[in-house]
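Okay, here's the structure, questions in a sec.
Rule-based calculations on the coordinates, nothing more; no lab input. Keep in mind that this is a model prediction, so the values were computed, not measured. Using ideal geometry, Cβ is built from the backbone for each residue, glycine included, and neighbour counts are taken over all protein chains shown.
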Amino acid sequence: MIETPAALRPSVAHERAKSIMPSSESNTTPLPTFEVSNLSIWYGEKPAIQDVTINIPSKTITAIIGPSGCGKSTFLRCLNRMHELIPRTRIEGKVLFQGQDLYSPGSDPTVVRRRIGMVFQKSNPFPTMSIAENVVIGLKLNGVRNRTLLDERLENSLRMAALWDEVKDDLRKPGMSLSGGQQQRLCIARAIAVEPEVLLMDEPASALDPIATMKVEELIHELSAKYTIVIVTHNMQQASRVSDRTAFFYVGKLIEFGETTEIFAAPKEKKTEDYITGRFG
Amino acid sequence: MQATAANHAWRKIKSALVSALAFVSAILVIAPLGLVFFYLVKSGASSVNWDFFTQLPKPVGVVGGGMANAIAGSFELLGLAAMIGVPIGVLGGVYLAEYGSTRTNSLLRFIADVLNGVPSITWGVVVYGLVVLRFKGFSAYAGGLALGFMMVPLIMRTTEEVLLLVPNGYREAALALGVSRWKTIVHIVMKTASKGIVTGILLALARVAGETAPLLFTAFGNRFWNHSLSEPIAALPLQIFSYAISPYEDWHRQAWAGALVLVIMIFFINVLVRFLTRDRMANPT
Amino acid sequence: MPADKHILSRFDEALEALRGDVLMMASLTEKNLRNAMRCLVDRGSNLCSATIADEGEIDELEKSIDADGVELLRGFQPVASDLRQIVSIIKICSNLERIADQAVNIAKRCRKLNRDPNPSDTEQINAMFAQAIGMVQDSMSAYRMSDVNLARSVLERDKMLDQMNHDLATTLTTTMGLVPERITDYLNLLFIARHLERVGDHAENIAEDAIYAASAEDVRHNKVQA
C-alpha cells in the first residue's frame, strides 16, 4: 500500500467525478475507496477482526455477509471509526480512505464520519424533530446557516432517497410519523444530506417488510451511481441482488472476496460454499 | 382427584385472602392523603382569601392579614435554589450518563445517593456554618443555597436516568453525521430527553418547596417584605412553622391556610409533571 | 458436490430425489437408444415398437423433473453448487428427452429398413452407434461422479463422431450412385447417421452441464481448449 501524496488527490477526485461508469465495471477505477491492509481489531482482549486485507472499489456496492458474530459489523464500523464508541477497542493495520490513513494521528473522527456516512439497522429519525429538521440536522450542527442552501439540500436529499413525493406536503410532521420503510429512507436522506462520499449500511432493511425492503434495495442501487456503498446484510438473497461484490467473513477473518456473481454461483472457498448453501453446523 | 379438588378450593381461598390484603394496603396508602387533604381543607379553607395572598402578617393580637411576603419569599428562594441546583445537577447528570468512567461514575452515584439521604436540617446547619457565620447574617442567598444543595443530587440522578433512556441509536446517528460529541449531547440527546430533565427539575423543586428545616438557620424568616437578597426572607414553610407553634388562634388558622396553599402548590407541580410526561407514558422511546 | 448435509434436510431429500430422477431418466434413455440399435443389428421390429412406446415414459419424466427443479428453485432459492446442480439437472433432462426423440426417429428408420429382408450395408453404422451410446453413457457418468476429465473426453469424442458421420455420408452417397435401386436403404442409413450425430451433440451438452455442475466452468462454444 503506497500512500498517495495529498497533491494527487484533486486530480483523482476529478477523474472519479467524471466516471459515471456502471458500478460492475469497477476494475478500471484508478483508486479504490478503501484499501484495508492487515486490519485487526480487539474489543478488550477479544479479537473481533483478524488480519483483514481488502480493497473496496469506488462507486460499487460491496456486500459483507457472514454468520452473527463474524465481525462484519465491526469491520463496517471501523471504516468510519464508529467502532471507537465502544470502550477498550484496539486496532492494528491500516485503513486507507482514498489514499489517506483514516487512523493517522491527525485524522479527526468527526471529519471522517462526515465523509463516510452510515445508515443503521433500526431506523432512527430524531424523535423531537420534523421530517425536514431530521434531514438537515447534520448540516445545521456542522454550522450551515444559509436557508436557501438548507432548503435545496432538503429537497435534493429527499429526492435522492426517493421520499420527496411521499413527504413533500408533510415536511413539518414529525419524522416518527412515517412508516418503517419511510423512516429508513428518511435516515438515508439524512445521511446523504451532508454529502458524504461513502455510505456504510448496517443491515438497512432487516427490520422492514418485503415491499419496503425492495424500495430500499432499489434506492441503494440508484445511489451506487454516486456513492461507494458498503452494506452488511444477513440476507444472502439481498446481497446477491444488490451488490457488485461480496465479502464473506467468518470468525473475524475475510474468507473470500469477489464478484457477487462468482461468490453466489461458484465460490472458491469451501467455507463460503458451505455458508451460502446452508451447510453450516 | 379428591386431593386436587381440595387443593383447588384452598388455592382459591388463599388467592382471595391475598387480594383482600392488597386492597386494604392500597386503602391505607390512599387514606392518609385523603385525611390530610380533608383536614387541611376543613381547617384552612376558611382563611384562604384575597387578604391571605396580598397582605403582610398583622402584629400580634390584630386579627387578619396574610402571608403575601412568605409566598413571594418561597418563590424567590426556589428561584435561587434552581439557579444553583439546576445547572450543577443537570451537568452532573450529563457527566454521569455521557462521560465518566465506570469507576468514577459508581463513586459519583454512591455520593449522590448518600446526599439524597442526608436529613434536610443538616443542609441548613452546613450552610449556616459556611455562609451565615462567615457573612454574619441570615439571608435569602443562604436559604437558596441550602435548598439548591438539596436539589443537586436529586436533579443529577433523574437527569442521568432520563439521558440513559435515550436509545444509543440516536447518539450513533448524530455522530455518524460527523456531529461532534458535545453537540450530539446538547442538540440530540438532551433535546430528546428534555421533558424528562424538566420533570426531574420540577420534582426536585416540589421536594424542596416544602422544606422548613434547612431554612431555619439560613433564610430565617421575615415578617415584612424582603428588600434585599442578603437580608432574611420569609418562606411559606417557615411561616407555617412559626404560626403553628404560636399560642394565637388566628395564627393557627393562618398556618392551616398556608399549609393548604403549599400542598396545592406541590399538587399542581405534580400535575404539571404528569402532563409533561404523558407522551412518554403513551409512547416509550 | 460437497459431501456435507444441508441444515435443511428437506432440501437434501428433494435434491437427492431430483438427482435420482434424472439418473433414472438417463438409464431409460440409454436403454431406448440401445433398443433402437438392436432393431437394426438384431433385426427385431418389436424392439422398434417398444422404443417408440417407451418414449412416452421419458417425456413424463422430463415434465416431472422440470416441475420439481423449478419447485426447488422457487422454494429454496439455492445458490452456488446447489444452484448449478439444479440448473444442470433441468438442462440435462431436456437433452435426454431429445436423445430419446432421436432414438425414436432411429427406431422408425430401422423399422423401414427391416421391411426389406436383406437391407444393404447396415453394419457400416454400428461403429457410430457404439460411439454415440458410449458418449451418452460417459457424459452421464461424468455428471454422476462430478468427473470433469471424463466430461472433457466426451467433448473430444463428439468431434470424432462428427467425422464418422461425415465419412459415412461420403461413402453412402458414393455407393448410392452405384446401386440406384437400393437408394431408399441408403437414405435411411444416412438419416440414422444424422440422428446419431445429433445424439452425440446432446451428449456433448450433457458433458458441458456436468462440467458446469462440478466446477462452474462454462466450456460451451469454447474453441480454444488446452
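If you check every pair at least six apart or on different chains, which have Cβ atoms under 6 Å apart with a residue in region A:216-228 that is without any contact (Cβ under 8 Å) to a residue 40 or more places away in the chain first and a residue that is in a loop (DSSP other than H, G, I, E, B) second?
Note: pairs meeting the criteria are A:VAL216/A:PRO204; A:VAL216/A:ALA205.
Are any residues in region B:172-184 more than 7 Å from chain A (Cβ to nearest Cβ) and either crowded, with 21+ Cβ neighbours inside 10 Å or not in a helix (DSSP H, G or I) (or both), and if so, which ones?
Selection gives B:ALA174, B:THR184.
Across region A:74-88, which residue is farthest from A:SER40 (Cα to Cα) among those that are touching a residue at least 24 places away in the same chain (Cβ under 8 Å) and surrounded by fewer than 18 Cβ atoms within 10 Å (Cβ to Cβ)?
This residue is A:ILE86.
Next up: Name every residue in region B:243-279 that is among the hydroxyl-bearing types (Ser, Thr, Tyr) and assigned to a helix (DSSP H, G or I), in order of residue number.
B:TYR243
How many residues are in a helix (DSSP H, G or I), surrounded by fewer than 24 Cβ atoms within 10 Å (Cβ to Cβ) and over 14 Å from the mean Cα position of the chain (by Cα) when one looks only at region C:29-51?
Count: 7.
Identify, please: which residue in region A:133-142 is at the interface with another protein chain (Cβ under 9 Å from one of its Cβ atoms) and under 20 Å from the mean Cα position of the chain (by Cα) and is, among those, surrounded by the most Cβ atoms within 10 Å (Cβ to Cβ)?
In this case the residue turns out to be A:GLY138.
Would you pick out the residues in region A:260-281 that are closer than 17 Å to A:ARG245 by Cα, assigned to a loop (DSSP other than H, G, I, E, B) and within 7 Å of chain C (Cβ to nearest Cβ)?
Selection gives A:ALA266, A:PRO267.
Among what's in region C:23-44 and is over 13 Å from C:MET140 (Cα atoms) and of a type in the set (Gly, Ala, Ser), pick the residue that is nearest to the other protein chains (Cβ to nearest Cβ).
Within region C:23-44, the match that is nearest to the other protein chains (Cβ to nearest Cβ) is C:ALA36.
Among the listed residues A:VAL216, A:VAL198, which satisfies the condition of being more than 14 Å from chain C (Cβ to nearest Cβ) and under 24 Å from A:THR53 (Cβ atoms)?
Of A:VAL216, A:VAL198, the one residue that is more than 14 Å from chain C (Cβ to nearest Cβ) and under 24 Å from A:THR53 (Cβ atoms) is A:VAL198.
Next question, about the same structure. Look through A:SER130, A:SER123 and report the one residue that is more than 8 Å from chain B (Cβ to nearest Cβ) and in contact (Cβ under 8 Å) with a residue 60 or more places away in the chain.
One residue alone meets the criteria, A:SER123.
Still on this structure, please answer the following. For residues in region A:244-255 being assigned to a strand (DSSP E or B) and of a type outside the set (Phe, Trp, Tyr), which is nearest to the other protein chains (Cβ to nearest Cβ)?
The qualifying residue nearest to the other protein chains (Cβ to nearest Cβ) is A:THR246.
If a residue has to be out of contact with any Cys (no Cβ under 6 Å at 6 or more places or on another chain) and more than 14 Å from chain A (Cβ to nearest Cβ) to count, how many in region C:58-84 make the cut?
Going through region C:58-84 one residue at a time, the tally reaches 12.
Quick check on my filter: what residues within region C:2-22 are assigned to a loop (DSSP other than H, G, I, E, B) and either aromatic (Phe, Trp, Tyr) or within 9 Å of chain A (Cβ to nearest Cβ) (or both)?
Within region C:2-22, C:PRO2, C:ASP4, C:LYS5, C:HIS6, C:ILE7, C:LEU8 meet the criteria.
Identify the residue in region A:260-281 that is of a type outside the set (A, V, I, L, M, F, W, C) and touching a residue at least 60 places away in the same chain (Cβ under 8 Å) and, among all such residues, is farthest from C:HIS6 (Cα to Cα).
It comes out as A:THR260.
Continuing with this model, one more query. Output yes when any residue across region B:216-235 is within 17 Å of the chain's Cα centre (by Cα), touching a residue at least 24 places away in the same chain (Cβ under 8 Å) and closer than 16 Å to B:PHE138 by Cβ, and no when none is.
Yes, region B:216-235 contains at least one residue that is within 17 Å of the chain's Cα centre (by Cα), touching a residue at least 24 places away in the same chain (Cβ under 8 Å) and closer than 16 Å to B:PHE138 by Cβ.
If you scan region A:71-98, which residues turn out to be in a loop (DSSP other than H, G, I, E, B) and more than 9 Å from chain B (Cβ to nearest Cβ)?
A:GLY71, A:LEU79, A:ARG81, A:ILE86, A:ARG88, A:GLN98
When region B:117-144 is examined, which residues are found to be within 23 Å of the chain's Cα centre (by Cα), under 18 Å from B:GLY73 (Cα atoms) and of a type in the set (Gly, Ala, Ser)?
Answer for region B:117-144, where residues must be within 23 Å of the chain's Cα centre (by Cα), under 18 Å from B:GLY73 (Cα atoms) and of a type in the set (Gly, Ala, Ser): B:GLY124, B:SER139, B:ALA140, B:ALA142, B:GLY143, B:GLY144.
Suppose the filter is surrounded by fewer than 20 Cβ atoms within 10 Å (Cβ to Cβ) and under 20 Å from A:ASN134 (Cα atoms); does A:LEU171 pass it?
yes
Sticking with this structure for a sec: Look through region A:99-117, keep the residues that are touching a residue at least 40 places away in the same chain (Cβ under 8 Å) and over 22 Å from A:ALA193 (Cβ atoms), and return whichever of them is farthest from the other protein chains (Cβ to nearest Cβ).
A:GLY99
Tell me yes or no: at least one residue of region C:85-107 is over 20 Å from the mean Cα position of the chain (by Cα) and away from chain A (no Cβ under 14 Å).
No; the residues of region C:85-107 include none that is over 20 Å from the mean Cα position of the chain (by Cα) and away from chain A (no Cβ under 14 Å).
Could you tell me which numbered condition B:MET156 fails, if it satisfies all but one of (1) within 14 Å of chain A (Cβ to nearest Cβ); (2) in contact (Cβ under 8 Å) with a residue 60 or more places away in the chain; (3) over 24 Å from A:LEU199 (Cα atoms)?
Exception for B:MET156: condition (1).
Just one of B:VAL189, B:VAL271, B:VAL261 is β-branched (Val, Ile, Thr), more than 14 Å from chain A (Cβ to nearest Cβ) and crowded, with 18+ Cβ neighbours inside 10 Å; which is it?
B:VAL261
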